[in-house]
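Read the structure below first, then the notes.
The values are calculated or read from the model by the stated rules, or taken from the named source; none is laboratory data. The structure presented is a predicted model; accordingly, all values stated were derived computationally and were not measured. Because the Cβ atoms are built from the backbone with ideal geometry, glycine has one as well, and the counts that use them run over all protein chains shown.
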Amino acid sequence: MTGWFDERSGLRGTVALITGGAGGLGEAIARDLAANGVRTAVIDIDAAAVAALTRSFAEGGHDLIAHHGDARDPEALEALFTAADARWGRLDTLVNVVGGTFRAPFTETTPKGWDALLRTNLLHVLHACSLAADRMRAGGRGGSIINLTTIEAHRAAPGYAVYAAAKAAVEQFARTLAVELAPDGVRVNNIAPDYTPTPNLTRLSRGANALDTPAGARAAIPMGRTGRLTDISNCAVFLASALSSYVTGGTLHPDGGTHASAGWLNWPDSGWSNHIPASVLALLDREGTADPRA
Ligand SMILES: NC(=O)c1ccc[n+]([C@@H]2O[C@H](COP(=O)([O-])OP(=O)(O)OC[C@H]3O[C@@H](n4cnc5c(N)ncnc54)[C@H](O)[C@@H]3O)[C@@H](O)[C@H]2O)c1
């Protein structure tokens, strides 16, 4: 007997291709899709993560194609699509997860760095979407394309200018593609997380970050905690499923409310404010850490 979710979602037996699907948010998405009977094809640059996912999916009895490769390489991407064609002969969902950044003021970055950020965050998305759109159209069953973007595509992101611009380009590209593909029933949507600790992210040194403390998270995130992998993968399951069959050209914001609050912080003593309370400035002043230019 199948349950309400199985019937309404229509996921069982469908095929999803996930870039960056063996680690971090991509792995969470691959696992949750597989748990709902989706056959998954992933490409990931981390060989150990690919091997671990292959073992674990085999133990769980999940149908998986896992390629070790670089999603920025058009030939490697195409090889995964071709392998999925050969094994399953259909494609229902594409999840573009691969992305990343480094921190530097824009004026200290170079064309080499900009090129790397555009390749990592934008160009492979175009390539994967073009490979997927042809297949989804030809299949005649529609489809769902999902891009992992970021809250930084929706606000200024000092130190991350080109990353934010590339992710904003993905969002805008998705809107147009959604309209172009709508007559074929192919939907295109984005998921824009805020800080969601993943193994790779927590390995990066980000300096003292109060977000990692309960008090810091309560101040900066309306829901009072940082993101969990399932906060994001649940959104991907929804967008891949027929539960979202009339949703296209949009963005989900699984961020505990930071996109909505747009810079308003819940200061421990004084409550919501979009500027530093005088009491905090006075404290910094006493410690000698307030702005020396003041
Ligand atoms: N984690 C967060 O807090 C967060 C917040 C906002 C947006 N995002 C976005 O979500 C996506 C995933 O983030 P994450 O934290 O899971 O990242 P991650 O660094 O853990 O990467 C996810 C997977 O992608 C693989 N990968 C990286 N580069 C690849 C490449 N060129 N080819 C193939 N595989 C590659 C990694 O090996 C990893 O298994 C990114 O696009 C990121 O910009 C993440």
Which numbered condition Arg31 misses (of (1) in contact with a strand residue (DSSP E or B) (Cβ under 7 Å, 6 or more places away or on another chain); (2) touching a residue at least 60 places away in the same chain (Cβ under 8 Å); (3) within 14 Å of the ligand (Cβ to nearest atom); (4) part of a helix (DSSP H, G or I))
(1)
Selected residue [among the aliphatic types (A, V, I, L, M), near the ligand (Cβ under 10 Å from one of its atoms) and surrounded by 15 or more Cβ atoms within 10 Å (Cβ to Cβ)] from Ala132, Ala128, Ala166:
Ala166
If we scan region 166-179, do we find a residue that is at positive phi, assigned by TED's automatic domain parsing to the domain that holds His253 and not polar (S, T, N, Q)?
no
What is the one condition in (1) away from the ligand (no atom under 14 Å from the Cβ); (2) out of contact with any Cys (no Cβ under 7 Å at 6 or more places or on another chain) that Arg72 does not satisfy?
(1)
Do you know which residues across region 4-28 are away from the ligand (no atom under 12 Å from the Cβ) and among the β-branched types (Val, Ile, Thr)?
Thr14, Val15
Anything in region 41-69 that is of a type in the set (Asp, Glu) and within 14 Å of the ligand (Cβ to nearest atom)? List them, or say none.
Asp44, Asp46
Residues being of a type outside the set (Phe, Trp, Tyr) and surrounded by 14 or more Cβ atoms within 10 Å (Cβ to Cβ) - total across region 104-121
9
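Determine which member of the set Thr107, Thr82, Thr120, Thr101 is part of a loop (DSSP other than H, G, I, E, B) and hydroxyl-bearing (Ser, Thr, Tyr). Lay out the reasoning, then the answer.
Details: Thr107 fails: part of a loop (DSSP other than H, G, I, E, B); Thr82 fails: part of a loop (DSSP other than H, G, I, E, B); Thr120 fails: part of a loop (DSSP other than H, G, I, E, B).
Answer to the check: Thr101.
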Among what's in region 145-160 and is assigned to a loop (DSSP other than H, G, I, E, B) and of a type in the set (A, V, I, L, M), pick the residue that is surrounded by the most Cβ atoms within 10 Å (Cβ to Cβ).
Ala157
